[in-house]
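Trainee: Questions regarding the structure given below will be posed in turn.
Readers should treat all values here as calculations from the given coordinates under stated rules, not as data from a laboratory. Predicted, not measured: the structure shown is a model, and the values here were computed from it. Here Cβ is always computed from backbone atoms with ideal geometry, including for glycine, and neighbour counts include all displayed protein chains.
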Amino acid sequence: MRFETLCLHADGNKKDEWGTLTTPICQSATFVHKGVGVPSEYSYTRLSNPTRAHLENTVAALEGGEAAFAFSSGMSAVTAVMKLIKGPAHVIASDDLYGGSLRLFRNVNTFEGIDFDFVNTGDINRVKLLIRKDTKAIYCETPSNPLMQVSDISALAALAREYGLLLIVDNTFLTPYYQQPIALGADIVIHSGTKYLGGHNDTLAGFAVVNSADLAEKLAYIYKTIGACLAPFDCFLIERGIKTLPLRMDKISANAERIAGWLRRRKEVKKVYYAGFKDSKGYKVSKKQATGFGGMISFELQSRALAEQILCKVKVFQYAESLGGVESLITYPMLQTHADVPEKERNARGITDAFLRISVGIENVDDLIEDLEQAFKK
Ligand SMILES: *Cc1c(COP(=O)(O)O)cnc(C)c1O
């Protein structure tokens, strides 16, 4: 089956005894044993649940993985995956990461004996130079958040294989519709399912997809032990979201392309970060490994005052954290996603007080552009 069809029929349309078309919400914490020492297929919802199993099978199929695990949030998925790495150890991670992942690595994992080096993973030679005897993994986001740095997944995978490292890719921004890291050689794919997979800004969720039975077994053990599982109703909502993932991504990407071009032509805008610009640094690699550019755009304005004005004046765009939903959102990374990054470091990387990030939704693009137009005006 092709991708759009898999989003709806990854289970091969196996039917339960009632012939339900949509996956029922199996709202049961526990399952009755059939006899002494004879459990049913499911025993306790922290380990597994029919609604969740259905969703996990779909996500594993979309990412081309051996198994998927559905977590209560993206951060719980990242947390569980990092538990596969036992300290003392060393991990090389992208230097432009989701703020929560950065906080986890720096302020939690470091104290569990994991030492991190942060680098632009788009620069393969610099990654290679950082590999040490105790290096266990490379962790990357591509395109990255919020600077849209692109990393070459197959080049990182070749390096990881050569040195026996795990390659972990956070695929939240492009989703498997546009980019499939496991096919490119990654070992583990992570998602904040809260974003494009769910797609409606109504549920938190996270996924980890692994490429081998060995990793699946190890992660299953961590999964059932730490208990950050996705509740059946939330599984239902995410599954419903996935059914329209390709449609939403196509519309979002087309809208984003128009808006990125519009922003670039504005004299008030100093710089636009968007993976789909032909003259952007990562464009060639993007074209090689992904089939679309997604809906994320960051831009730097001439002044902080204008950034604040835009945040106050937008009417269609909503000033809110998060991304990947049907509604267009605008965020102020300095005060929101990257509030924990020291100011000097933030500024050095270009995430200044005049820097905004937008997540383009599925509204009519002319309404979005008109909204920005009026928000830019004094
Ligand atoms: C939002 C996000 C996360 C964290 O996911 P939550 O569902 O908010 O816990 C991780 N990585 C990326 C790229 C994200 O955008």
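Trainee: Using the 10 angstrom Cβ neighbour count as an exposure proxy, how do LEU323, LEU84, LEU62 rank, fewest first?
Mentor: Values: LEU323 27, LEU84 19, LEU62 24.
Exposure proxy ranking, most exposed first: LEU84, LEU62, LEU323.
Trainee: Mind checking segment 1-104 for GluC sites (Glu not before Pro) that DSSP puts in a loop (not H, G, I, E or B) and that have at most 13 other Cβ atoms within 10 Å?
Mentor: Working: sites: GLU4, GLU17, GLU41, GLU56, GLU63, GLU66; in loops: GLU17, GLU41, GLU66.
Those that pass, being in a loop and sparsely packed, are GLU17, GLU41.
Trainee: With the Cα gyration tensor of the chain in hand, convert its eigenvalues to equivalent ellipsoid semi-axes via √(5λ) and list them largest first in whole Å.
Mentor: Computed over the chain, the values are 34, 26, 18 Å.
Trainee: Using alpha carbons only, how many angstrom separate the centre of segment 1-63 from the centre of segment 70-95?
Mentor: Their Cα centres are 26 Å away from one another.
Trainee: Would you calculate a helix-derived [θ] at 222 nm for the chain, using -39,500 (n - 2.57) for each DSSP H run of n ≥ 4 and dividing by the full residue count, to the nearest 500?
Mentor: Calculated from helices alone, the mean residue ellipticity at 222 nm is -11000 deg cm²/dmol.
Trainee: What does the charge dipole of the chain about its Cα centre add up to, to the nearest 20 debye, if the Cβ of each Lys and Arg holds +1 and the Cβ of each Asp and Glu holds -1?
Mentor: Here the chain has a charge dipole of around 720 debye.
Trainee: What ranking of HIS338, HIS33, HIS90 emerges when the number of other C-beta atoms within 10 Å of each C-beta is taken as an exposure proxy, fewest first?
Mentor: Details: HIS338 25, HIS33 11, HIS90 20.
Result, fewest neighbours first: HIS33, HIS90, HIS338.
Trainee: Pairing the Cα long axis of helix 245-265 with the longest principal axis of the chain, what angle in degrees results, from 0 to 90 and rounded to the nearest 10?
Mentor: In the chain, helix 245-265 runs at an angle near 20 degrees to the longest axis.
Trainee: Can you tell me how much longer the chain between GLN318 and ASP11 gets when fully stretched, taken as 0.36 nm per residue apart minus their C-alpha distance, in nm with one decimal?
Mentor: Here the answer is 106.9 nm.
Trainee: Regarding segment 82-132, what are the three Cα extents along the principal axes, ordered largest first, in Å?
Mentor: 28, 24, 15
Trainee: Would you list LYS378, LYS315, LYS267, LYS281 from fewest to most Cβ contacts within 10 Å?
Mentor: LYS378, LYS267, LYS315, LYS281
Trainee: For segment 185-294, give the magnitude of the charge dipole about the Cα centre (Cβ charges: +1 Lys/Arg, -1 Asp/Glu; no others), in debye to the nearest 20.
Mentor: 960 debye
Trainee: Something else: When averaged across all projection directions, what area in nm² does the alpha-carbon convex hull of segment 223-301 cover?
Mentor: 8.1 nm²
Trainee: Can you tell me the dipole magnitude for segment 236-358 around its Cα centre, using point charges on the Cβ only (Lys, Arg +1; Asp, Glu -1), in Debye to the nearest 20? List each step's numbers first, then the result.
Mentor: On the way: 23 positive and 13 negative charges, 128 e Å.
Approximately 620 debye in magnitude.
Trainee: Next up: PRE reach from GLU327 (point 7 Å along Cα→Cβ): which of segment 171-213 fall under 18 Å by backbone N?
Mentor: Residues 194-205 fall inside that zone.
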